[in-house]
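For reference, the structure is listed below as structure tokens.
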Amino acid sequence: MEGWMRRIDFWVRRGAAMMVVLLLVLGLAACGGPSESQERPAPPPPPVTVLTVQTRDVEVVREYPARVHGSRQVQVRSRVEGILRERLFEEGRSVNKDELLFRIDPERYEIALLRAEADLADARASLNHAQREWARYSNLFAEAAVSELEKDKALTDLERAQARHAQAEVVVADARRSLGYTEVRAPVAGVTGMESLSEGNLIEWAGLLATITQQDPVHVRFAMPEVDAAMRGVDERSRRAKLLLPGGLEHPRQGDIDFTASVIDPRTGTVTARAVFPNPDLTLIPGQFVRIQVVLRLLEEVFTVPEAAVGQGRETTHLFVVDDENTARLRPVRLGPVTDGRQIILEGLKSGDQVVINGQAALRDGMPVNVVETVHDDAMEDAPKGDHVSDQVSNDQIPRENPKLEEN
């Protein structure tokens, strides 16, 4: 029994010694950890791309969807009744002003003119007779050969003959005018539509015969958001406009904005406007969908940066500017509008500042940076341009009212 007790005591002492050694090893390992972490190197400064900014004059340009309209759309109507004898134009062809389009049967109006001319001849003969009678009675009255009553009667006959002659002249003029209306001429130069009635039909007074659309120049109607309308200047530069055709081609001739509505459409929040474009080659077709570029305003001595470079804080917008010690500094700025994908900066920068345009997402104020590329404003001008803010205007906001019709 005493032997077993000695053996148990031996193994207990041995286990305790091994536990002490294990605790010493773990303690030394724990003490060595902090020294190794303190020896780790600091992370390198983040790489960034900077833009060296300079002041410049910037045109604020917007682009809107638009629709082409003829500058004038005229309804050609008959001014007399009769049988339509002849159509003298080809439908869909351009016609000149005063070109003969239709001929209405003139027979009844020729007869009416002959009758009116005969009545005029009779009235002229009566007038001549009355003038001779008046001259005779005037002389006789001077010689006391006739009474004053007879002289007054001769004067009255003369005045009545003059009135009948004037009335006959008016009837002749009206008959001649009606006869002239049997030849229907183009009131304006333009492109003809389809005829409404063919030859042989009875035409009533004011009956529609055809429609002429004047396509040179054309009107381009569009709608601009109220913010853009408020920004738009009143100088000659703000009247200019360019036209982009389907497929991205640019119309070779510049237009002028000749009308801007004085009220805002409460349904869309837009202002209706119209521009006039020359169209001598008739390449612009009424009803065609196009896009129009408008210069809203010229901003002088401002800066421009890519939109992505601008950060938004809780209270202000800001940029990161790299100083001479390669340290990023947060710079509050005042923004202007966006044009051609570039954000205009009105206040907060000065010429020569190096603005971070790439790699700014993880930056904090006062953080050291590694400038890997420096871009100048001139190089940024050649970069692809972003979408215009005005592209947010939907096609549903294009003015679609019909042009005012003029009757001939």
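The values are calculated or read from the model by the stated rules, or taken from the named source; none is laboratory data. In this text, all values refer to a predicted model and were calculated from it rather than measured experimentally. Glycine gets a Cβ as well: all are built from the backbone with ideal geometry, and neighbour counts include every protein chain shown.
Highlighted here would be strands (runs of 3 or more DSSP E) found entirely within the stretch 77-190 that include at least 2 residues which are over 21 Å from L202 (Cβ atoms) and acidic (D, E), but there are none.
Considering every residue within the stretch 270-278, establish whether at least one is of a type in the set (G, A, S), modelled with pLDDT of 90 or more and on the phi < 0 side of the Ramachandran plot. Looking for residues that are of a type in the set (G, A, S), modelled with pLDDT of 90 or more and on the phi < 0 side of the Ramachandran plot, one finds at least one in the stretch 270-278, hence yes. Only residues that are touching a residue at least 40 places away in the same chain (Cβ under 8 Å) and crowded, with 17+ Cβ neighbours inside 10 Å were counted in the stretch 121-160, giving 1.
Is it true that S262 is within 18 Å of the chain's Cα centre (by Cα), at pLDDT 85 or above and of a type in the set (S, T, N, Q)? Considered against the rule, which asks whether it is within 18 Å of the chain's Cα centre (by Cα), at pLDDT 85 or above and of a type in the set (S, T, N, Q), S262 comes out as yes.
For (1) closer than 28 Å to L346 by Cα; (2) in the same structural domain as E347 (by TED's automatic domain parsing); (3) crowded, with 16+ Cβ neighbours inside 10 Å; (4) within 16 Å of the chain's Cα centre (by Cα), each residue gets a yes or a no:
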position: P278; (1), (2), (3), (4): no, yes, no, yes
position: V290; (1), (2), (3), (4): no, yes, yes, yes
position: Q293; (1), (2), (3), (4): yes, yes, yes, yes
position: L299; (1), (2), (3), (4): yes, yes, yes, no
position: E315; (1), (2), (3), (4): yes, yes, no, no
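Could we say that S262 is free of Cβ contacts under 8 Å to residues at least 24 places away in the same chain and not assigned by TED's automatic domain parsing to the domain that holds V294 here? Criteria not met by S262. Scanning the stretch 141-159 for residues that are in contact with an Asp or Glu (Cβ under 8 Å, 6 or more places away or on another chain) and of a type in the set (A, V, I, L, M, F, W, C) gives F141, A154, L158. G33 satisfies every condition listed in (1) at pLDDT below 90; (2) surrounded by 17 or more Cβ atoms within 10 Å (Cβ to Cβ); (3) more than 30 Å from R221 (Cβ to Cβ) except (2).
Check the stretch 37-53 and report whether any residue there is charged (D, E, K, R) and either touching a residue at least 12 places away in the same chain (Cβ under 8 Å) or surrounded by 12 or more Cβ atoms within 10 Å (Cβ to Cβ) (or both).
There is no residue in the stretch 37-53 that is charged (D, E, K, R) and either touching a residue at least 12 places away in the same chain (Cβ under 8 Å) or surrounded by 12 or more Cβ atoms within 10 Å (Cβ to Cβ) (or both).
One residue is enough: does the stretch 161-174 have a residue meeting the conditions closer than 15 Å to R77 by Cα and surrounded by 15 or more Cβ atoms within 10 Å (Cβ to Cβ)? Among the residues of the stretch 161-174, not one is closer than 15 Å to R77 by Cα and surrounded by 15 or more Cβ atoms within 10 Å (Cβ to Cβ), which makes the answer no.
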